[in-house]
Amino acid sequence: MKLKRSNRPTRVLQLGRPLLISLLLFNSSVAVMAKEPPTVKAKQKVLKEPSNIELKPMVVTENDDRKLAAASAEVDLSPGGVSLVDINELHDRNISSIADFFRYVPGVWAASQSGNDEVFFSSRGSNLDSTNFDQNGVKLLQDGLPVTAADGNNHNRMIDPLAASFATVARGGNALKYGASTLGGAVDFTSPTADNSPAMRLSLGGGSFGQFLGRGTVSRVFNDSFDGLLTVEGKEWEGYRAHNKQDRFGLYSNFGWQLSDSVVNRTFVSYIKNNQQLPGQLTRAQFDADPNQASAQAIGGNYQLNTETERVANKTTWTIDDNSSLEVGFSFENQQLYHPIVDKVMLDFGGGPLDRFSLLVDSNQQDWGTSARYNLRLDNHALLLGVNYGTNSDKGGNYTNNGGIRGAMTNQITKKADNIEIFAQDHWHITDKWTLTPALQGVFAHREVDNVRLAIPQDAYFNFYPQGSHPSTDYAGINPSLGLMYNVSKNASLYTNVSRLYEPPTNYNLADNITAGAGNTTLKAMEGTSVEIGTRGNQNFGNSNSVMWDLSLYYAWLNKEILSVSPRPGTSLSTNIDNTLHAGVEGLIGGKFALDSNGTHSIEPMLSFTSNHFKFDNDRTYGNNALPAAPDYFLRGEALYRHVSGIFIGPTFDVVGKRWGDFANTYKIDSYSLLGMRTGWSNDHYKVFLEGRNLLDTQYVASHNVMDRATANDAMLNAGAPLSFYGGIEISY
């Protein structure tokens, strides 16, 4: 991969009912947007001219290569940690989840729980407590429109990275251009279109532990006005752990309509059904005896995470003239969740043993999102004005769990959230060397949870279920940012920035607060300040040698960070921590070095490295303890030999430092190292690859729970994949 700077038990593990979507898909503003086309140039990089040179016309068409070039140019102008991932270059390796996508993105720690799509990820220390809950802290988008719910949670599903053409990962405050008010930043996945896509692409892959991945894409440009693309994909996974099966089906489509020479409208429709068993966590003794077993609770409670998602989005781009453009879009997503997650806790307080606590979540979530972005070039300024609005409704409840079958409802829960993000940014080219980037963002949010406690027979004795509560509150924050970039040369730059952070809690945070008996108490938003310095660039040596680098150092002071502790299984308490520190070093370096004079043989090394320093700051309870979940450091790399004919082969490696499993820093997760190998061949129409992972069959912890103070008897650990092999073939015409 190259990172360029530049009561529904029958649903279990079965494909879902047919998709029925019928929506009006045109924006009311389209009719007034027709205008004569400006001149454009393919793959044009913009906004690097000296102040006395007229800026060139804007890139306006839907051409995929031009969109990638425009994204690369924007990355080059970003005075902070931003990575561009060309996903088309990931088709020669095993990409089974979003964790594989993040492999070479510095600053982002991502790990699959057990080889399935249940992935824990953290960017710049986000989400260091909620490894089994809302997965907050990073805003996920598709084509600039939200996938993350309006309250900031990513609980119900992950994005399939192979459904995209490329993605931009903007870490921390560098995600302001997307309107994201999240500690970890934002990831925007851009969908492929029929333009510049092969008419047909078929890929098949599989390997160890019953993995099978299949994907087929057809696309067509019908005429000068219409084009369409359709992808159908499926995944089967038996798993290296017991009770670990997964069955996923996805359909992704988009079609474009060139309304005039200056107006393009594109509609996106997708459907995903993803059913997966969860093997549960193990104690240390269980992990040492057999790391691939499932917990007794996971089997008894038939733990699962089953989701069904329908999404439709529409975006219109109007190129007003050579120097201005407007994008307007909306998205709607419907998600159904069936989630048995806590087995029965049988206790006898007289009258015989009864289930005092079990949990199955059955809910329906709907999300609406709208956005508008106006770009304007004015003299030496490149201005962006934007607004996002999102609203979320999650209705359903908690039920007793009868071995994965829904029992009596214990709590009827409705969650609502609204989010407005208004933002402005200017790339001011002071000279041909210096670019100043001031930005300002306003965040206005509403969070509300209505939790109605229902009577069940167990109430006559004792129970752990939360009582009814109704927290509701509003949030407002202003986030300024200032960045400065110096172009050392045409292909190398230095940068620095300072930015304000403001992140309201998710409704999962509020619900967690309720669970521990906090009543109608609400949480404050997290806020803080981050400073960053860094450099990026590339350098060619002759015709066949090159090196590229991307290095960022950042330090953030946070107030009221929202963290959750787990005093007992199935419960948690979210609270604001007065002060925490998040700092780190993020780097990526790679190159190509010829082994002969004509470049027939070459070596292409790549190394992504991250050092983390996340800790409490003189906290009354935890002192200066390290925050859990994220490792002290991690390095991921490869060194491939490539022949000009398309053959490649080489080792891969992972080196991961220790982590803490609790806030008290009494439960340590050991460091580990992994060795792998990749080989394959490709040309314009075919790709073949073989990949071996964990060749030394190392036993290690991939992900884990987080608690307040953990002991060896607590079920905490998820084992990483043992020795495994995967291969695949892709044909495109």
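Computed quantities for the displayed model
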{"quantity": "Unique residue being buried (at least 21 other Cβ atoms within 10 Å of the Cβ), closer than 27 Å to Arg500 by Cβ, of a type in the set (S, T, N, Q) and in contact with a strand residue (DSSP E or B) (Cβ under 9 Å, 6 or more places away or on another chain) when the list is Ser181, Ser219", "calculated": "Ser181"}
{"quantity": "Asp65 modelled with pLDDT under 95 and more than 30 Å from Phe725 (Cβ to Cβ)", "calculated": "yes"}
{"quantity": "Top-ranked residue of the stretch 317-362 - restricted to ones that are among the charged types (D, E, K, R) and not in a strand (DSSP E or B), ranked as surrounded by the most Cβ atoms within 10 Å (Cβ to Cβ)", "calculated": "Asp322"}
{"quantity": "Residues located in the stretch 190-232, provided they are touching a helix residue (DSSP H, G or I) at 6+ places or on another chain (Cβ under 7 Å) and assigned to a strand (DSSP E or B)", "calculated": "Thr190, Arg215, Thr231"}
{"quantity": "Close pairs (6 angstrom Cβ cut-off, 6 or more residues apart or separate chains): assigned to a strand (DSSP E or B) in the stretch 108-124, of a type in the set (Ser, Thr, Tyr) anywhere", "calculated": "Val108/Ser123; Trp109/Ser122; Ala111/Ser703; Ser112/Ser97; Val119/Ser97; Val119/Ser112; Phe120/Thr131; Phe120/Ser703"}
{"quantity": "Search result, residues across the stretch 690-712 that are more than 27 Å from Phe209 (Cβ to Cβ), among the hydrophobic types (A, V, I, L, M, F, W, C) and in a loop (DSSP other than H, G, I, E, B)", "calculated": "Ala710, Ala712"}
{"quantity": "Condition met for Phe268 (of a type in the set (A, V, I, L, M, F, W, C), assigned to a strand (DSSP E or B) and crowded, with 18+ Cβ neighbours inside 10 Å)", "calculated": "yes"}
{"quantity": "Pick from the stretch 333-355, criterion over 14 Å from Gly300 (Cβ atoms) and among the charged types (D, E, K, R), ranking: modelled with the lowest pLDDT", "calculated": "Asp348"}
{"quantity": "Condition check for Ala664: at pLDDT below 95, farther than 23 Å from Asp117 by Cβ, in contact with a Lys or Arg (Cβ under 7 Å, 6 or more places away or on another chain) and not charged (D, E, K, R)", "calculated": "yes"}
{"quantity": "Extreme residue, surrounded by the most Cβ atoms within 10 Å (Cβ to Cβ), among residues of the stretch 680-733 that are under 23 Å from Phe120 (Cβ atoms) and of a type in the set (Phe, Trp, Tyr)", "calculated": "Tyr726"}
{"quantity": "Residue in the stretch 574-586 that is in contact with a Phe, Trp or Tyr (Cβ under 8 Å, 6 or more places away or on another chain), at negative phi, small (Gly, Ala, Ser) and in a loop (DSSP other than H, G, I, E, B) present", "calculated": "no"}
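Yes or no, residue by residue, for (1) small (Gly, Ala, Ser); (2) surrounded by 14 or more Cβ atoms within 10 Å (Cβ to Cβ); (3) over 24 Å from Tyr104 (Cβ atoms):
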residue: Asn625; (1), (2), (3): no, yes, yes
residue: Ala630; (1), (2), (3): yes, yes, no
residue: Gly637; (1), (2), (3): yes, yes, no
residue: His643; (1), (2), (3): no, no, no
residue: Val655; (1), (2), (3): no, yes, no
residue: Asp662; (1), (2), (3): no, yes, yes
residue: Leu675; (1), (2), (3): no, yes, no
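The values are calculated or read from the model by the stated rules, or taken from the named source; none is laboratory data. This is a predicted model, so every value here is computed, not measured. Every residue, glycine among them, receives a Cβ derived from its backbone with ideal geometry; neighbour counts consider all protein chains shown.
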